[in-house]
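*Asks:* One structure is given below, represented as structure tokens, and several questions about it will come after.
The values are calculated or read from the model by the stated rules, or taken from the named source; none is laboratory data. Keep in mind it's a predicted model, so treat the numbers as computed, not measured. Using ideal geometry, Cβ is built from the backbone for each residue, glycine included, and neighbour counts are taken over all protein chains shown. Note: areas computed on protein heavy atoms with side chains; ligands, DNA, RNA excluded. Shrake-Rupley method; radii C 1.70, N 1.55, O 1.52, S 1.80 Å.
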Amino acid sequence: MSIEAKEIFQIKKFYYAQNVTFEDFKQNELVRNLFPLILNKNNNYYKIIQFFVLDQQEAQIQMKLHVYQALLVLQKQFPDRDDIAGQIAQFKYQSFYHQPSSLHITTYFVQNEQSEYYKNFTKDVLQDIKIHAIAILPNKVIACVIHREEIKVPIENRYPHMTTLLNQWEAVDSNLLMANLFDQGKPLNNIYDSLFQDSTQDLAWAAKINGKGESNIDAYVVKFSQKLILKGKTDYGYD
């Protein structure tokens, strides 16, 4: 058996051990050390390059408060919207949404080792992650808008973001939310660049988008006058 085959066998053996959760699988030291060597050889898990928030526990609390503040801004801007009032009530009782396994920004989903995003990646780069705006698709997914020009390593995603809270949609669907808000011809395409400019007041926008077989879904974007800044570091991730 080759060294690589032995590594794959060890990883699979660990994962299929009794009572081993997926989170344990991802955090296991053996897995974290070996996965950079085998990349996409395991059909179930794929290597991605990310900026991970350093203090996950503290950041989760900060982000929930930040989203709650965004909802209050929306309530002030759109006082007759029942969906916003409903979101605020859910936050008060900590119901409905759940948090992703980690707060991170994906810079590249590894499919080609010759890609500039892979070849120019440097592990353990420290980075201030500035939250410029929050995109909210009520009852589905909430994600933060990140400015590409502030990221220290090459990033593939057209709209860099950090998935913050989940419900009916999955974390990967944050890409769909961003595209349906900000792509050419989409309702908030004209405000995207302004999200990264300084503002003396909180701003909010409402839009109708389509996605995952649904039409005319209410979506919102909130930009704060004061940015939330989280500490992050580049690393490999697996999904």
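*Asks:* Please indicate, with yes or no, whether at least one residue in segment 135-147 is touching a Lys or Arg at 6+ places or on another chain (Cβ under 9 Å), open to solvent by 40 Å² or more (accessible area, probe 1.4 Å), over 19 Å from VAL53 (Cβ atoms) and not basic (Lys, Arg).
*Replies:* No; the residues of segment 135-147 include none that is touching a Lys or Arg at 6+ places or on another chain (Cβ under 9 Å), open to solvent by 40 Å² or more (accessible area, probe 1.4 Å), over 19 Å from VAL53 (Cβ atoms) and not basic (Lys, Arg).
*Asks:* Can I ask one more? Is it true that some residue in segment 151-162 is buried (at least 19 other Cβ atoms within 10 Å of the Cβ) and closer than 16 Å to LEU65 by Cα?
*Replies:* There is at least one residue in segment 151-162 that is buried (at least 19 other Cβ atoms within 10 Å of the Cβ) and closer than 16 Å to LEU65 by Cα.
Residue by residue, here is whether (1) under 18 Å from PHE51 (Cα atoms); (2) in contact (Cβ under 8 Å) with a residue 40 or more places away in the chain; (3) among the small types (Gly, Ala, Ser); (4) not in a strand (DSSP E or B) holds:
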| residue | (1), (2), (3), (4) |
| --- | --- |
| ASP80 | no, no, no, yes |
| GLY86 | no, yes, yes, yes |
| MET162 | yes, yes, no, no |
| ASN175 | yes, no, no, yes |
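*Asks:* Still on this structure, please answer the following. Pick from segment 190-212 the residues that are over 21 Å from PRO138 (Cβ atoms) and open to solvent by less than 80 Å² (accessible area, probe 1.4 Å): which of them is nearest to the chain's Cα centre (by Cα)? Spell out how you get there, then give the answer.
*Replies:* Residues of segment 190-212 over 21 Å from PRO138 (Cβ atoms): 190, 193-194, 196-201.
Still in the running and open to solvent by less than 80 Å² (accessible area, probe 1.4 Å): 194, 196, 199.
Details: SER194: 21, PHE196: 18, SER199: 24 Å.
Among those that are over 21 Å from PRO138 (Cβ atoms) and open to solvent by less than 80 Å² (accessible area, probe 1.4 Å), it is PHE196.
*Asks:* Of the residues PHE52, PHE25, which is modelled with pLDDT of 65 or more and touching a strand residue (DSSP E or B) at 6+ places or on another chain (Cβ under 9 Å)?
*Replies:* Of PHE52, PHE25, the one residue that is modelled with pLDDT of 65 or more and touching a strand residue (DSSP E or B) at 6+ places or on another chain (Cβ under 9 Å) is PHE52.
*Asks:* From LEU188, LEU195, grab the single residue that is without any contact (Cβ under 8 Å) to a residue 40 or more places away in the chain and under 18 Å from HIS132 (Cβ atoms). Explain how you work it out, then say what you get.
*Replies:* Working: LEU195 fails: without any contact (Cβ under 8 Å) to a residue 40 or more places away in the chain.
The conditions single out LEU188.
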